[in-house]
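Data first, discussion second: the structure below is written as structure tokens.
The values are calculated or read from the model by the stated rules, or taken from the named source; none is laboratory data. For clarity, every value in this text was computed on a predicted model and none was experimentally measured. Here the Cβ is made from the backbone with ideal geometry for all residues, glycine too, and neighbour counts use every protein chain on show. Areas reflect the complete protein model, heavy atoms only, side chains present, ligands, DNA and RNA absent. Shrake-Rupley method; radii C 1.70, N 1.55, O 1.52, S 1.80 Å.
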Amino acid sequence: MSSKSPDVIVAGAGIVGLSAACELAKRGARCIVFDRGQAGREASFAAGGILSPQAETAPGSPLLPLALKARDRHISLAEELLRLTGVAVEHHRYGVLSLAFSDEDETRLRTLVEAQKNLGLRAEMVSGSSLTRIEPAADPRAKGAALFPDDHRVDNRRLLEGLKALALSRGVEIREYTALRGLEARDGRIAAVSTDTERIPTAALINALGAWARQMSGDTLAPPVHPVKGHMMSLVDGPSLRHVVYGNHGYIVPRVDGRLIVGSTMEEVGFDTRVTAEGVARLIEIATGIAPASKKATIADTWTGLRPATPDGLPLIGRGAFEGLVIAGGLFRNGILLGPMVGEIAAALALGETPAHDLRAFDPARFARA
Ligand SMILES: Cc1cc2nc3c(=O)[nH]c(=O)nc-3n(C[C@H](O)[C@H](O)[C@H](O)COP(=O)(O)OP(=O)(O)OC[C@H]3O[C@@H](n4cnc5c(N)ncnc54)[C@H](O)[C@@H]3O)c2cc1C
């Protein structure tokens with residue numbers, strides 16, 4: 001493949017960029033992915049891997065239909081990655097529990113469960129005594145919980161490993177430690193991108209830069225994405241959990257090897273990625289509030305990541321300021337869930353196709369119009 005004349009350039013090798021690259025290569029397009037660091041080491045690496053359209057998305061949100069399809073896509077993707085790359089992404093369908101500690105929590109969750117049932121989705125309230133039976137390590141002070149049995153989870157780091165391996169096996173060139181600095185347009189069309197040392201002509205560009213989406217010079221739309229920092233922690237030798245459990249304004253995600261991934265804070269502090277004592281203290285509070293026996297667990301690791309947030313909380317998926325420029329981002333708290341599907345949609349858009357999804361609510365130009 002000539003690296004000088006790709007059909008599509010993908011900016012950013014997070015879950016969105018890698019998914020787009022896999023799809024482009026599958027359709028026979030020549031594609032180069034650029035990342036200013038190591039592929040898949042930013043938000044997509046930091047995440048918990050919860051695939052939870054039901055626990056996370058309001059029933060009336062325009063995002064729900066896409067999020068439900070994205071959850072299904074993970075089922076087939078896990079099978080494809082195992083078959084094509086040998087990477088097992090630990091996709092598990094044990095469901096998600098959301099604990100209720102107060103009457104207010106119970107009312108909110110009951111309303112959510114009823115709204116989802118009305119949409120034909122599976123969801124139910126479980127009593128305190130049933131909770132003790134299905135998730136014995138959960139805090140016995142919980143009055144009950146909402147159970148979303150069809151919400152899933154995945155090991156996001158393995159997923160990135162699988163997507164990278166698949167992209168490489170399909171002939172995608174991934175250029176790590178090479179930042180894209182800017183884009184050039186001519187007559188309203190994308191013409192080229194530049195790194196610190198090179199100008200690369202291209203007719204199509206996917207901006208999958210996550211929290212950094214607005215940092216590409218020459219992009220007159222400057223996608224309105226900003227970073228929201230989250231602290232994370234992993235525990236070993238802690239209690240055993242079967243479900244992803246939400247509670248105490250956070251969550252615990254169990255991994256197959258017994259680790260518990262605890263998240264997360266929501267901090268508007270720009271691009272600061274330091275792990276702070278305050279952040280870790282909050283995670284300990286979350287973990288012990290959900291499963292009291294985690295007090296005795298060992299803290300194996302702590303880290304942070306930057307969620308790509310938008311002003312209205314909805315993604316940006318669609319044409320950018322120029323013909324041939326596709327924006328695929330702003331996936332905020334649900335980018336592991338949405339990323340594979342959004343990457344595939346971005347690939348179709350970059351190839352000039354019309355995807356079979358209603359993307360109107362996600363039009364990147366909506367803020368410019370407003
Ligand atoms: C703490 C935390 C927990 C989360 N938990 C979950 C969860 O459980 N479930 C879920 O669905 N979602 C979760 N998310 C959200 C999810 O991780 C993100 O929405 C998703 O990873 C965004 O993917 P992305 O590909 O858009 O961005 P990223 O993964 O951040 O990728 C963007 C890439 O662009 C690269 N880049 C930046 N600037 C340049 C440049 N100039 N040139 C080239 N490359 C550049 C970066 O190096 C990076 O690799 C969580 C996020 C955080 C932070």
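Please enumerate the residues belonging to the range 308-351 that are out of contact with any Lys or Arg (no Cβ under 6 Å at 6 or more places or on another chain) and part of a strand (DSSP E or B). PRO308, ALA309, LEU316, ILE317, GLY318, ARG319, LEU325, VAL326, ILE327, ALA328, GLY329 - these are the residues of the range 308-351 that are out of contact with any Lys or Arg (no Cβ under 6 Å at 6 or more places or on another chain) and part of a strand (DSSP E or B). Could you check the range 179-191 and list, in sequence order, the residues that are open to solvent by 50 Å² or more (accessible area, probe 1.4 Å) and in contact (Cβ under 8 Å) with a residue 12 or more places away in the chain? Correct list: ARG181, GLU184, ARG189. Checking each residue in the range 325-339 for being closer than 17 Å to LEU64 by Cβ and more than 6 Å from the ligand (Cβ to nearest atom) picks out GLY330, LEU338.
If the condition is being of a type in the set (A, V, I, L, M) and crowded, with 19+ Cβ neighbours inside 10 Å, then the range 259-276 contributes LEU260, ILE261, VAL262. For the subset of the range 82-131 comprising residues that are of a type in the set (Val, Ile, Thr) and under 23 Å from the mean Cα position of the chain (by Cα), which member is most open to solvent (accessible area, probe 1.4 Å)? So the residue we want is THR85. For the range 1-51, taking the residues that are out of contact with any Asp or Glu (no Cβ under 7 Å at 6 or more places or on another chain) and acidic (Asp, Glu), the one that is nearest to the ligand (Cβ to nearest atom) is identified as GLU42. If you go through the range 292-320 and keep only what is open to solvent by 30 Å² or more (accessible area, probe 1.4 Å) and more than 18 Å from the chain's Cα centre (by Cα), you end up with PRO292, ALA293, LYS295, LYS296, THR298, ILE299, ALA300, ASP301, THR302, ARG319. Would you check if there is a residue in the range 160-178 being among the aliphatic types (A, V, I, L, M), out of contact with any Phe, Trp or Tyr (no Cβ under 8 Å at 6 or more places or on another chain), within 30 Å of ALA287 (Cβ to Cβ) and touching a residue at least 60 places away in the same chain (Cβ under 8 Å)? The answer is yes, given that some residue of the range 160-178 is among the aliphatic types (A, V, I, L, M), out of contact with any Phe, Trp or Tyr (no Cβ under 8 Å at 6 or more places or on another chain), within 30 Å of ALA287 (Cβ to Cβ) and touching a residue at least 60 places away in the same chain (Cβ under 8 Å). Determine, yes or no, whether VAL256 is in contact with an Asp or Glu (Cβ under 9 Å, 6 or more places away or on another chain) and exposed (fewer than 14 other Cβ atoms within 10 Å of the Cβ). So VAL256 fits the description; yes. Among the residues of the range 76-85, are any among the hydroxyl-bearing types (Ser, Thr, Tyr), at negative phi and within 16 Å of the ligand (Cβ to nearest atom)? No - not one qualifying residue is present in the range 76-85.
Figure legend. Inter-residue proximity from the range 145-157: first residues within 28 Å of GLU42 (Cα to Cα), second residues among the polar types (S, T, N, Q), beta-carbon distance below 6 Å, spacing 6+ or different chains. Indicated pairs: ASP151/SER52; ASP151/GLN54.
In the set GLU285, GLU353, only one residue is assigned by TED's automatic domain parsing to the domain that holds HIS243, surrounded by fewer than 24 Cβ atoms within 10 Å (Cβ to Cβ) and without any contact (Cβ under 8 Å) to a residue 40 or more places away in the chain; that residue is GLU285.
Checking the stated criteria, VAL236 turns out to be surrounded by fewer than 16 Cβ atoms within 10 Å (Cβ to Cβ) and within 23 Å of THR276 (Cα to Cα). Selection of the range 17-45 for residues being touching a residue at least 60 places away in the same chain (Cβ under 8 Å), open to solvent by 10 Å² or more (accessible area, probe 1.4 Å) and under 13 Å from the mean Cα position of the chain (by Cα) yields GLU42, ALA43, SER44, PHE45. For the range 51-75, what are the residues that are over 20 Å from VAL244 (Cα atoms), open to solvent by less than 40 Å² (accessible area, probe 1.4 Å) and part of a helix (DSSP H, G or I)? Answer for the range 51-75, where residues must be over 20 Å from VAL244 (Cα atoms), open to solvent by less than 40 Å² (accessible area, probe 1.4 Å) and part of a helix (DSSP H, G or I): LEU63, LEU66.
Could you please give the count of residues in the range 80-100 that are touching a His at 6+ places or on another chain (Cβ under 8 Å) and not β-branched (Val, Ile, Thr)?
Total meeting the criteria: 6.
For the condition surrounded by fewer than 24 Cβ atoms within 10 Å (Cβ to Cβ) and within 25 Å of LEU183 (Cα to Cα), GLY324 qualifies. Residue count for the range 235-282, restricted to those that are farther than 26 Å from PRO308 by Cα, of a type outside the set (Gly, Ala, Ser) and free of Cβ contacts under 8 Å to residues at least 40 places away in the same chain: 1.
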